[in-house]
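See below for the structure under consideration.
The values are calculated or read from the model by the stated rules, or taken from the named source; none is laboratory data. This one's a predicted model, so the numbers in the text were calculated from it and none came from an experiment. With ideal geometry, Cβ positions are generated from the backbone for all residues, glycine too; neighbour counts draw on all protein chains shown.
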Amino acid sequence: MKPRTLVTRLLPPPVMDRLRRETELVLEPEDRVLAPAEIIAAAAACDALLPSVTETIDAAVIAAAPRLRVIANFGVGFNHIDVAAATARRIPVTNTPGVLTEATADIAFGLLLAAARRFGEGERLVRSRAWTGWGPLQLLGQDVAGATLGLVGCGRIAQAMARRAHGFGMRVLYCSRVRRSAADEEKLGAAYRDRDALLAESDFVSLHVAYTPETHHLIDAAALARMKPTAVLVNTSRGPVVDERALVQALRRGTIAGAGLDVFEREPSLEPALYDLPNCVLLPHLGSATAGTRTRMGMMAADNLLAACRGERPPNCVNPAVLA
Ligand code: DGY
């Protein structure tokens with residue numbers, strides 16, 4: 001029996017081909033976000049859910065799916081899934097770690113460069129047809145080589161960011177809940193600081209933490225006030241790690257110099273002032289958006305889903321207590 005599966009979004013063709021072959025899709029996915037009522041209605045018949053970051057899989061969805069055997073997320077972050085409610089039903093929740101590390105670090109480093117060197121303002125100037133030619137004082141940005149990058153979090157994507165920073169001649173600091181061993185720090189080429197010291201010392205601060213109740217508004221007005229007035233904040237983790245209103249104030253008042261954001265507190269809405277702030281580079285949650293990465297994410301989600309439905313241990317379970 002093929003597992004009856006709700007795939008909430010249309011995924012890359014090789015992934016859809018496989019899911020059509022190896023599961024029974026309860027809905028033909030479209031390239032749109034399903035309404036909560038549509039998810040609840042479809043979940044009733046499902047053995048498996050394969051959601052993306054755009055769907056909230058809360059206790060109501062889980063309760064509406066009496067046959068549910070796995071929630072196989074398409075993505076590494078799973079804050080949109082009520083893992084406690086799934087665990088209470090002994091349903092494994094899985095994610096897709098590793099396969100999107102390099103693509104996401106590329107976007108984080110791209111945002112760092114774009115904010116430092118004012119790509120957005122330069123591009124808008126050229127496209128406005130108002131550019132009058134090269135100028136010695138035009139759109140002066142910040143040096144990246146020799147600057148200090150502070151990584152908040154020290155997981156896979158932070159480490160990939162550190163590798164990129166070394167290639168650009170940067171000094172790297174990190175803070176995390178657990179300090180790494182001296183050998184790991186040496187391998188990583190990053191020195192540990194507590195969070196406040198890291199914020200105060202860094203020219204660029206890049207966020208690489210999961211979104212949890214503990215990291216909600218980790219970067220608030222007080223944290224921003226600790227940063228240098230010349231500093232740039234980069235966020236490719238989750239929007240609510242940053243207090244977006246406080247960030248707008250900080251960018252307006254010159255508390256910090258700039259920001260590069262790929263994620264927002266209430267996607268796809270932004271704090272309205274952000275749209276008009278010139279010192280802020282904005283991307284539409286593109287971290288893992290390469291064809292290869294999204295295909296690998298889909299294949300990994302399918303591996304997890306099919307393993308759980310066969311009664312095997314899914315390779316990337318985030319609530320392994322349910323497998324004991
Ligand atoms: C992730 O994998 O967490 C990306 O942000 C998309 O969900």
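Total residues in segment 87-113 satisfying the condition of being among the hydroxyl-bearing types (S, T, Y), part of a helix (DSSP H, G or I) and surrounded by 19 or more Cβ atoms within 10 Å (Cβ to Cβ): the figure is 2.
Across segment 300-314, the number of residues qualifying as outside any helix (DSSP H, G or I) and closer than 13 Å to N73 by Cβ comes to 1. When every residue of segment 283-293 is checked against the conditions, none turns out to be closer than 25 Å to T87 by Cβ, modelled with pLDDT of 95 or more, within 16 Å of the ligand (Cβ to nearest atom) and touching a Lys or Arg at 6+ places or on another chain (Cβ under 9 Å). Here's a check for you: in segment 258-277, which residue that is within 16 Å of the ligand (Cβ to nearest atom) and surrounded by 17 or more Cβ atoms within 10 Å (Cβ to Cβ) is farthest from F78 (Cα to Cα)? Going through the qualifying residues, I end up with G260.
Checking each residue of segment 70-86 against the condition of being closer than 30 Å to V322 by Cα, in a strand (DSSP E or B) and in contact (Cβ under 8 Å) with a residue 40 or more places away in the chain gives at least one match.
Does C280 fit the bill of being surrounded by 15 or more Cβ atoms within 10 Å (Cβ to Cβ) and in contact with a Lys or Arg (Cβ under 6 Å, 6 or more places away or on another chain)?
no
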